[in-house]
Amino acid sequence: MQIERGRLFVFEGIDGTGKSTQVQMAEAALLKQGFPARRLYEPTRGLWGSKIRKILEQGRDGVSPEQELEWFEKDRMEDVERNIRPALDNKEIILMDRYYYSTAAYQGALGLDSEEILKRNRTFAPAPDIAFFFQAPLDACFERIEARNEDRTSFEKRDYLIKVQSLFDSFDDPVIKRIDGSQSIEDVAEKIMTAIQTSLAENGL
């Protein structure tokens with residue numbers, strides 16, 4: 001199915017809210033309907049993203065929040081240049097598992113200026129058509145993380161995540177659509193696809 005221009009849908013929220021599951025389901029649903037959809041995620045597996053993932057897995061080990069932020073932005077710049085913008089120019093539908101809102105929330109919770117982070121990233125990163133912000137009770141998020149039998153990363157500490165969630169809640173952008181991640185997977189998926197299809201319809205589809 002041909003679309004007139006690329007569309008960018010972003011899935012945001014702390015771990016355990018169900019966003020990654022919904023990104024995969026949305027991609028599968030769009031492909032089934034014949035749309036040129038592609039799922040991307042940040043941090044990437046590139047040079048800078050790999051540095052960030054090492055922090056997530058092993059701890060910061062002396063890496064300052066400022067340096068970490070620099071890596072996130074370099075990773076995103078590379079992702080925009082190599083993947084996101086070419087795909088949008090090619091009229092694809094991009095589904096992002098995390099984007100610059102996550103950087104602003106997580107780095108903001110470390111004491112950096114979240115609004116300045118958003119402002120700086122918007123100078124080079126394409127704006128999303130919809131940013132889905134997933135919300136769920138923190139206890140439920142931790143239960144989901146533990147159910148995956150994974151060690152909690154440096155970004156999954158309770159007090160820290162409370163600050164991160166507070167920043168996500170404070171962001172005010174017309175493209176943000178808040179999603180109750182505590183509902184059933186099927187109900188959430190239906191709301192996501194309704195919003196995406198409405199956005200596509202506005203593009204004449």
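A few comments on the model shown:
- Whole-number accessible area per residue in Å² for the chain, which is evaluated in the context of all protein chains at 1.4 Å: 49
- Angle between the chain longest axis and helix 65-79 axis [Cα atoms, degrees, rounded to 10]: 20
- Percent accessible area from carbon and sulfur atoms, the chain, protein chains only, probe 1.4 Å: 47
- Low-density loop positions, trypsin sites (Lys or Arg not before Pro), the stretch 26-96 - DSSP coil, at most 12 other Cβ in 10 Å: Arg45
- Positive-end extreme of charge dipole, the chain - chosen from Gly49, Ala104, Ile162 (charges on Cβ): Gly49
- Helix 138-147 axis, angle to the chain major axis (alpha carbon atoms, nearest 10°): 90
- Accessible surface of Glu66, taken over heavy atoms with a 1.4 Å probe and every protein chain present, rounds to 110 Å².
- Comparing Gly62, Pro126, Gly18 along the charge dipole axis of the chain, the residue lying farthest to the positive side is Pro126, per the Cβ-charge model.
- For Leu8, the residues whose modelled amide H falls within less than 5 Å of its own, excluding neighbours fewer than 5 places apart on the same chain, are Ile94, Asp129, Ile130.
- Lys-Lys pairs in the stretch 7-202 that are eight or more residues apart or on separate chains and whose Cα atoms lie under 19 Å of each other come to 11.
- The calculated FRET efficiency for Leu56 paired with Ile162, based on their beta-carbon distance and R0 = 22 Å, is about 0.75.
- Simple Cβ-charge dipole of the chain, Lys/Arg +1 and Asp/Glu -1, about Cα centre, in debye nearest 20: 480
- With a 1.4 Å probe rolled over the protein heavy atoms of all chains, the accessible area of Ser114, Ser166 falls in the order Ser166, Ser114, largest first.
- Couplings for the stretch 47-63, taken from phi via the Karplus curve 6.51 cos²θ - 1.76 cosθ + 1.60 with θ = phi - 60°, read 4, 6, x, 5, 4, 5, 4, 5, 4, 4, 7, 10, x, 6, 6, x, 6 Hz in order; Gly and Pro are left as x.
- The label point for Glu116 and the one for Asp139, both projected 7 Å from the Cα toward the Cβ, are 3.8 nm apart.
- Here the convex hull built on the C-alpha positions of the stretch 32-87 has a volume of 84 cubic angstrom per residue.
- The slack between Arg178 and Glu66, meaning 0.36 nm per residue of separation minus the straight C-alpha distance, is 37.5 nm.
- Residues whose amide H lies under 5 Å from that of Phe134, counting only those 5 or more places away or on a different chain, are Glu12, Gly13, Ile179; hydrogens are built 1.01 Å from N in the peptide plane.
- For the stretch 32-38, the Karplus equation 6.51 cos²θ - 1.76 cosθ + 1.60, evaluated at θ = phi - 60°, returns couplings of 4, 7, x, 7, x, 9, 9 Hz by residue, with Gly and Pro reported as x.
- The structure-derived value of log10 I(q)/I(0) by the Debye sum over Cα atoms at q = 0.12, 0.15, 0.19 Å⁻¹ appears in the list [x] -0.52, -0.84, -1.40; [y] -0.72, -0.97, -1.32; [z] -0.60, -0.96, -1.52 under the label [z].
- Taking every alpha-carbon pair under 8 Å whose residues sit at least 6 apart, the chain reaches a relative contact order of 34 percent.
- Helix-only [θ]222 nm of the chain, DSSP H runs n ≥ 4, -39500 (n - 2.57) each, per residue, nearest 500: -15500 deg cm²/dmol
- Under the Karplus curve 6.51 cos²θ - 1.76 cosθ + 1.60, θ = phi - 60°, whole-Hz ³J(HN,Hα) for the stretch 182-197, x wherever Gly or Pro sits: 7, 6, 5, 4, 5, 5, 5, 4, 5, 5, 4, 5, 4, 5, 5, 5
- For the stretch 1-50, the mean projected area of the C-alpha convex hull, equal to one quarter of the hull surface, is 4.4 nm².
The values are calculated or read from the model by the stated rules, or taken from the named source; none is laboratory data. These figures come from a predicted structure and were not determined experimentally. No Cβ is skipped: glycine too gets one built from the backbone with ideal geometry, and neighbour counts run over all protein chains shown. These accessible areas exclude ligands, DNA and RNA; they are computed on the full protein's heavy atoms, side chains included. Shrake-Rupley method; radii C 1.70, N 1.55, O 1.52, S 1.80 Å.
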